[in-house]
Amino acid sequence: MTSRNWVKLFLSTLLVGGLTTGIVGFIVRWNEFESIFKPFDFLEVLSVLFWLIGVGLIFSILSQMGFFAYLTVHRFGLGIFKSRSLWNSVQAVLILFVLFDLVYLRYNAFATEGESLVPYIGIALFLLIAALVVAAIKVKLTNKEAFIPALFFMVVVTTIEWVPVLRVNEQSWVYLMIFPLIVCNAYQLLILHKLNEKSQLQRQSMAKGPSK
């Protein structure tokens, strides 16, 4: 990817993360912010919106760090296992392992006596469904070999990025963070091939030099 397209990806992902958090934040933390809407306090709403956007920028940066880390890991995985199918099998096992831990470890750490397992399964299931949708779209945009890598990124890497609030288990923050992460990760994943194509065309154009 050329530096121009990398900057474009960086800035656009920042925008996506900030706007998503700004919108989602008022929804998932409505109990906290309802008072500034009744009566409507414009300055207070604006200050909260700016704060949420700032938090979203941080989430976006975490998302981008995870994305480029995965691109590196993916290349290493292909190099180590020497086979795309074998590397995909390893990724599939890791996906199942992470989904299991997302339910089991959180339930053991935070569940109170008699608490149902359903909410813990539900949040893992939500992440899996979102990941399956994004992976299916990625396949349509590129090829079927992209399914497992896309699913791995959307499940495993998103969960790793999500860890800071998962460890605290404050529900409003859990939901506030997961939506921007999913949106930012999906955005980067689905636009990557377009930026790579543009970068390739730009390199070819530069190699040919100015027309005479």
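State the dimensionless ratio Rg/Rh of the range 7-88 (Rg: radius of gyration of Cα atoms; Rh: Kirkwood radius). It would help to have the intermediate numbers written out before the result.
Details: Rg = 19.1 Å, Rh = 15.1 Å.
Across the range 7-88, the Cα-based Rg/Rh ratio is 1.26.
Could you please state, rounded to a whole Å, how far the C-alpha centre of the range 92-136 is from the C-alpha centre of the range 137-162?
Each part reduced to its Cα centre gives a spacing of 17 Å.
Note down the magnitude of the dipole of the range 3-201 about its Cα centre, charges +1 on Lys and Arg C-beta and -1 on Asp and Glu C-beta and zero elsewhere, to the nearest 20 debye. Intermediate results must be reported in sequence, preceding the final value.
Values: 14 positive and 11 negative charges, 226 e Å.
Approximately 1080 debye in magnitude.
Straight-line reach from Lys82: which lysines have Cα under 30 Å away, leaving out those fewer than 8 places along the same chain?
Partners found: Lys138, Lys140, Lys144, Lys194, Lys198.
Tell me, what ³J(HN,Hα) does each residue in the range 141-155 have, in order and in whole Hz, if you take phi through Karplus 6.51 cos²θ - 1.76 cosθ + 1.60 with θ = phi - 60° and put x for Gly and Pro?
7, 10, 7, 5, 5, 7, 5, 5, x, 5, 5, 4, 4, 5, 8
Pop a pseudo-label 7 angstrom from the Cα along the beta-carbon direction at both Ile27 and Trp6 and give the gap in nm to one decimal.
Taking the simple label geometry, Ile27 and Trp6 are separated by 3.4 nm.
Run the simple label-point estimate for Asn108 and Leu19 please: 7 Å along Cα→C-beta, distance reported in nm.
Label-label distance for Asn108 and Leu19, simple model: 4.2 nm.
Report the semi-axes of the equivalent ellipsoid for the range 3-201 in whole Å, largest first, where each axis is √(5λ) for an eigenvalue λ of the Cα gyration tensor. Before the final figure, lay out each step's value.
Values: eigenvalues 192, 117, 30 Å².
Output for the range 3-201: semi-axes of 31, 24, 12 Å.
Laboratory data are not the source of any read-out in this text; all were calculated from the coordinates shown. Computed from a prediction, not measured in an experiment: that's the story for all the values here. For neighbour counting, all protein chains shown are included, and Cβ atoms are generated from backbone atoms with ideal geometry for every residue, glycine included.
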